[in-house]
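Comments concern the structure below.
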Amino acid sequence: MDLEKDVHVPVSGSASNGSKPEASVASPPMNVPTPSAIKVRTPDSQSVRPTTEGLPIWMQRVFLVIFVVLCIEIGIVLVAVPWRPVWSDNALLANTPHLRSFLRLGFVRGIVTGIGLLDIWIGIWEAVHYRERKPA
């Protein structure tokens, strides 16, 4: 799009009478798009979730195995670690006693354990509801 700025400054009055010339700026050029004329492209699919439709079947299966194993491993760590001494007695929390006492609270440990259980559930759910999609 070619945007050219043509500004016309008409001068009225004369400089000989001691008055300053008055300047007025013309309206903006007509070829500038208005906000209502700008079109926004939307994706065809309304899903935000990444799909594996265009991938070969073997790659879909490998992706599923890696995803499920990763979800279950992270979930097990999040379930077990908050109840171990390493959760609050470590070098990272040595200088912050308020954070250490906060992390020792039961509801904080429970929230982290719940996130771990949710992560395990997501991994198992993805494995059970797996469907192979034909490559395009």
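Of all residues in segment 78-136, those that are over 30 Å from residue 63 (Cα atoms), open to solvent by 70 Å² or more (accessible area, probe 1.4 Å) and not in a loop (DSSP other than H, G, I, E, B) total 10.
Take segment 110-129 and flag every residue that is out of contact with any Pro (no Cβ under 7 Å at 6 or more places or on another chain) and either among the β-branched types (Val, Ile, Thr) or over 17 Å from residue 64 (Cα atoms) (or both).
110, 111, 114, 115, 116, 117, 118, 120, 122, 124, 128
The values are calculated or read from the model by the stated rules, or taken from the named source; none is laboratory data. This one's a predicted model, so the numbers in the text were calculated from it and none came from an experiment. When we count neighbours, we look across all protein chains shown, and the Cβ atoms used for this are built from the backbone with ideal geometry, even at glycine. Ligands, DNA and RNA are excluded from the accessible area calculation, which covers all protein heavy atoms including side chains. Shrake-Rupley method; radii C 1.70, N 1.55, O 1.52, S 1.80 Å.
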